[in-house]
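Values quoted throughout were computed directly from the atomic coordinates according to the rules given, and no laboratory measurement underlies them. Everything numeric in this text was worked out from a predicted model, so none of it was measured. Neighbour counts are summed over all protein chains in view; Cβ atoms, including those assigned to glycine, are modelled from backbone coordinates with ideal geometry.
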Ligand SMILES: [Zn+2]
């Protein structure tokens, strides 16, 4: 396979793929096609996309028990019923079907949360890593206590057991614990468990419109005090949208200092947040422009693929990118390009960083017939995927 005169990191190159590896990268029009070699002309090459935040245990369940009101509350109630009916085969089949939807639209690394309220789902997803790898997809699993760890007896133990079963990261949901103090306590317990088990950390953090939900600053302080920079992710952070300006500025500075990566999930949050508002109604998306401006790390998640919380979803990462550009008003030319670059760039940070597209490296990449990222986002046409 030879790509000729193709844009790679804003340089025109020729690139050859051979036996699953990048065999050569050279100046444009310097590599001649070998006999019988397929050639793709022009366009753009990027690294594959990464998905830092999805729930494969709940994916594709949206039609099985429709969320008729479309609200977070009914989504949680439906999931509580559906979770009790899960079987190994069901979790397995839906996870693989969803992962293939991701792979076919260019995403080859997936970090899934799994509700530790179902150890069957935990065991099934952790057990799927080899199957995913055989399809060219890297899978990470986060032990996510959907209903908190301190609200009811038994949940803490299930969550600890889930981590012992081989999850890559410890999850938490501090804003959902009973009190502010118990939320902060849960944050520290997440760090304690991750330290004991040498795992990563990935919170659902302040996914509320309540400006008094203040867990992100605790996450950042713990990250700094424990020297855990680079290992901690905070998803959603929608309360940040509603903080007053001085407090938001303080927290954003702390996020940047702590190297905590904030994952925006614009598809779910634009429909699930703001539900207690009449008008004006808030957008409920974290402050991506200000985080970027402060030098903080940001990623973009799809979060839901046809699950009890969000009936829509294609697993094409260009969809949340498109939504984010709209709801966060990231419509300058520079910002639209940055959103596109995030999918193949900073979205890989939870996996240790973006793959390098150089000679000798693994031959996983995307080829876009359209060179202009803004056109790619406009049409959301999938690339050719090499995995
Ligand atoms: Zn989530």
task: Quick one: angle between helix 88-104 and the longest Cα principal axis of the chain, in degrees between 0 and 90, rounded to 10, please.
output: 40 degrees
- prompt: What number, in percent, do you get for the relative contact order of the chain if the mean sequence gap of Cα pairs under 8 Å and at least 6 apart is divided by its residue count?
  reply: 21 percent
- request: Could you list 328, 118, 186, 134 in order of exposure, starting from the residue whose Cβ has the fewest other Cβ atoms within 10 Å?
  value: 134, 328, 118, 186
message: To make sure I understand, if each residue's beta carbon is the centre and we count other beta carbons within 10 Å, what order do 287, 155 fall in, fewest to most?
response: 155, 287
message: Compute the angle between helix 216-225 and the longest alpha-carbon principal axis of the chain, please, reported from 0 to 90 degrees and rounded to the nearest 10.
response: 80 degrees
- prompt: In degrees, nearest 10, range 0 to 90: what is the angle between the Cα axis of helix 155-164 and the longest Cα principal axis of the chain?
  reply: 30 degrees
query: Using a basic spin-label model with each label point 7 Å from the Cα along Cα→Cβ, how many nm lie between residue 244 and residue 135?
result: 5.0 nm
- request: Take residue 358, project a point 7 Å from its Cα along the Cβ direction, then tell me which residues of the stretch 42-56 have their backbone nitrogen under 16 Å from it.
  value: 47
Å³ per residue enclosed by the Cα convex hull of the stretch 130-233: 112 Å³
query: Dividing the convex hull volume of the alpha carbon atoms of the stretch 266-339 by its residue count, what do you get in Å³ per residue?
result: 98 Å³
field: Fraction of alpha-carbon pairs over 25 Å apart in the stretch 240-375 - percent
entry: 32 percent
- prompt: Which residue, 366, 86, 267, has the most motion in a Gaussian network model of the chain that connects Cα atoms within less than 10 Å?
  reply: 86
Cα Rg, Dmax, the stretch 1-46, angstrom units: 9.6, 29
Solution diffusion estimate, µm²/s, Stokes-Einstein, the stretch 1-94, Kirkwood Rh from C-alpha pairs, 37 °C, viscosity 0.692 mPa s: 189 µm²/s
query: Based on DSSP H runs of at least 4 residues, each adding -39500 (n - 2.57), what is the mean residue ellipticity at 222 nm of the chain after dividing by all its residues, to the nearest 500 deg cm²/dmol?
result: -11000 deg cm²/dmol
field: Of 82, 60, 108, the one that fluctuates the most in a GNM where the chain has Cα springs shorter than 10 Å
entry: 82
message: Based on the alpha carbons, how large is the Rg to Rh ratio for the chain when Rh follows Kirkwood?
response: 0.98
query: Between 89, 177, 207, which gets the highest mean-square fluctuation from a Gaussian network model of the chain, Cα cutoff 10 Å?
result: 89
query: Using the C-alpha gyration tensor of the stretch 95-184, what are the square roots of 5 times its eigenvalues, in whole angstrom, with the largest one first?
result: 28, 14, 9
